[in-house]
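The values are calculated or read from the model by the stated rules, or taken from the named source; none is laboratory data. Bear in mind that the values here come from a model prediction, so they are computed numbers and not experimental data. For neighbour counting, all protein chains shown are included, and Cβ atoms are generated from backbone atoms with ideal geometry for every residue, glycine included. Ligands, DNA and RNA are excluded from the accessible area calculation, which covers all protein heavy atoms including side chains. Shrake-Rupley method; radii C 1.70, N 1.55, O 1.52, S 1.80 Å.
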Protein chains: 2
Amino acid sequence: MTQIDVKQKVLAANMEAAAALRAGFAASRTLVVNLISSPGSGKTTFLERTVADLKGRLRLGGIEGDIATERDADRLRRHGIPARQILTGGSCHLDARQVRQALDDEDGALSALDILFIENVGNLICPTNYDLGEDFKVVLLSVTEGDDKPFKYPAIFSKAALAVLTKVDLLPHVDFDLPAVRDQIRTLNPEGRLLETSAKTGAGMESWYELLSSALAKKRA
Amino acid sequence: MTQIDVKQKVLAANMEAAAALRAGFAASRTLVVNLISSPGSGKTTFLERTVADLKGRLRLGGIEGDIATERDADRLRRHGIPARQILTGGSCHLDARQVRQALDDEDGALSALDILFIENVGNLICPTNYDLGEDFKVVLLSVTEGDDKPFKYPAIFSKAALAVLTKVDLLPHVDFDLPAVRDQIRTLNPEGRLLETSAKTGAGMESWYELLSSALAKKRA
């Protein structure tokens, strides 16, 4: 078996596990969002703000993927929601079977939710190909990472239904060509949405909450 | 053959190719540095500043790894040094055979250098295990990425002889616990060096040049 055969086999097994997850999420009418970005783009901070703002109205939960440390799940739990850390060891992405295992290990705590956020391992490349049974992928890009990233990592920007620009409060301090980034994202994904946000100032967060509400309403219609 | 067997086989083949590269670099007495970081940590900007400051004194060249676009090699060539872009397609790291091919394709232009910089694909995880025949690895971390990264990505911080903190000019605008990061890096790699730099202001760059000079002198002793 060649390297490519093995990769195909792994992806096929993942697809099967993801389909089973998706059926379960449909039955429990849980909206599932898979968040993907570089390390340090601000995924966890974005989720912390989201949870702080929405937890009074919606039942929320999180699954956090990392190579090492329980830090991110701890950060979400501190906001009073159930969260499970998946430690991947050396692996550079989450797969559907790990998500299945995390749901089982939480013994129901992540099963009766309105929205489940899955924060993937910090990596713009490898998580792109692993379906986790989510309703949609979100790619996050911080304005401190430079304005050439969508074209340098085209796969995830093409696949994610939503691109979230983070840390826009830092725009005055960095060289970042915002119109160029908007153009790159629009080129890669004409149907996709783009939000410009700061979890620090709250800029753009209301649009994100409206998008979540509307996706949840659609799932339950 | 299982997935793990295939991975071992791939790594063994890479190790063999890397050993051949290393022998070649020893013969040409070229110092080779493998730079690894998240997307957007500022690897290319750090190299541009380095090239601008050192090109009068040393023969420099670059190999740039990316999923897509020739942007990074173009940025180095604009400074008047030879540079080769490797487009990995979907692959999340460079391997030694790609480096061999890039050297061959440049037809000698990258063979009579004092220092060859290899800028890996933007990824803190996968490039860690692929030896490229380098003298040492450098891991770069920007202060905008947050102060929890070394413990979240321990492998690369343990393996890199040098950790470079980039964008320290932005420290006043971000929450970043610098002493905590110093401690994490020291814990993971007690023998390693840490430099705190800004390619924008030039802070810390002289120490980097001294480190390069001394490594080059040692290689040629």
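Computed values, structure above
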read-out	value
Positions within segment A:124-143 being more than 20 Å from B:I125 (Cα to Cα) and either at pLDDT below 95 or outside any loop (DSSP other than H, G, I, E, B) (or both), in sequence order	A:F136, A:K137, A:V138, A:V143
B:V121 in a strand (DSSP E or B) and either buried (at least 22 other Cβ atoms within 10 Å of the Cβ) or aromatic (F, W, Y) (or both)	no
Any hit, segment B:5-13, residues being modelled with pLDDT of 95 or more, surrounded by 18 or more Cβ atoms within 10 Å (Cβ to Cβ) and of a type outside the set (F, W, Y)	no
Qualifying residues in segment A:63-92 (those that are β-branched (V, I, T) and under 10 Å from A:V121 (Cβ atoms)) - the one nearest to the other protein chains (Cβ to nearest Cβ)	A:I67
Evaluation of B:I115 against (1) within 18 Å of A:Y153 (Cβ to Cβ); (2) modelled with pLDDT of 95 or more (one fails), failing number	(1)
Tally of residues being within 12 Å of chain A (Cβ to nearest Cβ) and either in contact with a strand residue (DSSP E or B) (Cβ under 7 Å, 6 or more places away or on another chain) or open to solvent by 10 Å² or more (accessible area, probe 1.4 Å) (or both) across segment B:129-152	14
Selection count, segment B:95-112, where residues are in a loop (DSSP other than H, G, I, E, B), over 28 Å from A:F157 (Cβ atoms) and charged (D, E, K, R)	2
Count of segment B:24-53 residues which are among the hydrophobic types (A, V, I, L, M, F, W, C) and either more than 19 Å from the chain's Cα centre (by Cα) or not in a helix (DSSP H, G or I) (or both)	6
Within segment B:24-53, considering residues that are of a type in the set (D, E, K, R) and under 21 Å from B:A217 (Cα atoms), the one least open to solvent (accessible area, probe 1.4 Å)	B:D53
Members of segment A:176-186 that are in contact (Cβ under 8 Å) with a residue 12 or more places away in the chain and not hydrophobic (A, V, I, L, M, F, W, C)	A:D177, A:R182, A:Q184
Verdict on A:L54 being of a type in the set (A, V, I, L, M) and more than 25 Å from B:T144 (Cα to Cα)	yes
Scan of segment B:153-174 for residues that are in a loop (DSSP other than H, G, I, E, B), more than 9 Å from chain A (Cβ to nearest Cβ) and free of Cβ contacts under 8 Å to residues at least 40 places away in the same chain, ordered by number	B:A161
Residue selected from segment B:175-207 under the condition more than 21 Å from the chain's Cα centre (by Cα) and in a helix (DSSP H, G or I), by the criterion surrounded by the fewest Cβ atoms within 10 Å (Cβ to Cβ)	B:P179
Restricting segment A:54-94 to residues that are open to solvent by 40 Å² or more (accessible area, probe 1.4 Å) and in a helix (DSSP H, G or I), the residue that is nearest to B:Y153 (Cα to Cα)	A:R71
Cβ-Cβ under 8 Å pairs, at least 6 apart or on other chains, segment B:134-148 side of a type in the set (K, R), far side open to solvent by 20 Å² or more (accessible area, probe 1.4 Å)	B:K137/B:K159; B:K137/B:A161
Unmet requirement for A:L21, which otherwise passes all of (1) open to solvent by 60 Å² or more (accessible area, probe 1.4 Å); (2) more than 30 Å from A:V143 (Cα to Cα)	(1)
Sole exception among (1) over 29 Å from B:A27 (Cα atoms); (2) more than 14 Å from every other protein chain (Cβ to nearest Cβ) for B:A221, by number	(1)
Whichever residue in segment A:27-58 is in contact (Cβ under 8 Å) with a residue 24 or more places away in the chain and of a type in the set (G, A, S) and, among such residues, is farthest from the other protein chains (Cβ to nearest Cβ)	A:S28
One residue from B:L211, B:L171 being hydrophobic (A, V, I, L, M, F, W, C) and out of contact with any helix residue (DSSP H, G or I) (no Cβ under 9 Å at 6 or more places or on another chain)	B:L211
